[in-house]
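Quick notes on the structure that follows.
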């Protein structure tokens, strides 16, 4: 198949970028979107041009490194799909495909389609963990966890931190990401001792990073490659209210 | 800054302000609608009701002040969040696409601002008598302020009715997203109830818009005179 790509090119964080058109000829429909970009890049390199920079790692849909807003939708907008698992058969011959980086004040563009997502790391540093003292490993099942809680925690823990929620949110809000971590640990007994300081700390950091505020568009849930539900945002809201009322 | 004020500045705290004040304003919208619908029960019913409200005296002022504070908190918090949300994405997408968000959801700030403008006009029109001072001098045969006549006179003007109808449609859109959002924001999310939460906003929006719009339509059609 032959495609026209409009790709955001930006040399570095300081310079202004712009959309540049490229013809992508003889693309196999069996390629993933990233493999298609690999082919485009090989041809650019052969012509002596700068290849397009984009993030990727596992290419199995589990690491959270790949990104890209494709025709206005994060990861291309297909259900439960990362860009690396998006295949060219979902496009038509002759399509014009616009490829942009995640757009968020908190995710500055590093180069072309690569953005700096360390804002998420700082949010995790602010409480997205369980402090445990070193020592012998506890016996398995010494801490009983009800099945439903384990399932909900696991659903939340499926978040791979790709940032599609931020990219797709009309407000640039990171609430689905933060909620996934808050909810994951709030559902488990291991997370309970730090429950209040976790949600307060993470929400505070989320606000400091300049993410927007949730207005319940639910676009995040629709594009999330791990189908993390906005029910976790409701859980985070409950956790936040509880912590705000009870904590000194 | 007090603990409460600090809380209202956080993203989730501000959401709670929007949700709680929104729900209170929704309550007012229902109460106001039920009162207005007395116009269909006749002149004495509506004027008697209006008179009883006026008779509340100090309590009426308490309600008015609370309403004003709630209204200002809702608008103020919304404008602050709107500014923050715009700042969160300085560079817009060249291609904008959405999967699930609704028209009502995407335009809620705009519908809110237009409703705000309408409320200001509405208060000058009917409550303060700034646009039509003669309305406040109308008396019915029982010697009560004639709210009924004021409504009929006001809505006999097609332009006034048109603006009112447009404002009430906007209110319907606003409530459709706002009321459904209320549940999620305060943390009410459960698979058993979510379909109901999702429907209650649009249904309430339509019912309330139709309820309010029925009054100018009835006046224009000559059913209420």
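Structure data summary
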item: Length-normalised contact order of chain B in % [C-alpha pairs under 8 Å, at least 6 apart]; result: 27
item: Fewest-first ranking of A:27, B:108, using other Cβ atoms within 10 Å as the exposure measure; result: A:27, B:108
item: Part-to-part distance (alpha-carbon centres) for the stretch B:18-89 and the stretch B:179-225, which is given in Å; result: 15
item: Kirkwood hydrodynamic radius (C-alpha pairs) into Stokes-Einstein, the stretch B:3-220, 4 °C and 1.567 mPa s, D in µm²/s; result: 67
item: Difference of contour (0.36 nm per residue) and Cα-Cα distance, residue B:156 to residue B:223; result: 23.0 nm
item: DSSP bridge orientation in the protein assembly as shown - percent antiparallel, rounded to nearest 5; result: 75
item: Cα-based equivalent ellipsoid, the protein assembly as shown: semi-axes from gyration tensor eigenvalues, Å; result: 50, 29, 18
item: Residue exposure sequence - A:100, A:151 - by fewest surrounding Cβ within 10 Å; result: A:151, A:100
item: Residue exposure sequence - B:127, B:107, B:102, A:218 - by fewest surrounding Cβ within 10 Å; result: B:127, B:107, B:102, A:218
item: Inter-chain shielding of A:206-214 (mean C-beta neighbours from other protein chains, 10 Å cut-off); result: 6
item: Value of [θ]222 nm, deg cm²/dmol, for chain B, DSSP H segments ≥ 4, -39500 (n - 2.57) each, nearest 500; result: -24000 deg cm²/dmol
item: Spacing of the two label points (7 Å from each Cα toward its C-beta) at residue B:193 and residue A:11, in nm; result: 5.7
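None of the figures in this text is laboratory data; all of them are computed from the coordinates on show. Every value quoted in this text rests on a predicted model; they were computed, and no experiment measured them. For neighbour counting, all protein chains shown are included, and Cβ atoms are generated from backbone atoms with ideal geometry for every residue, glycine included.
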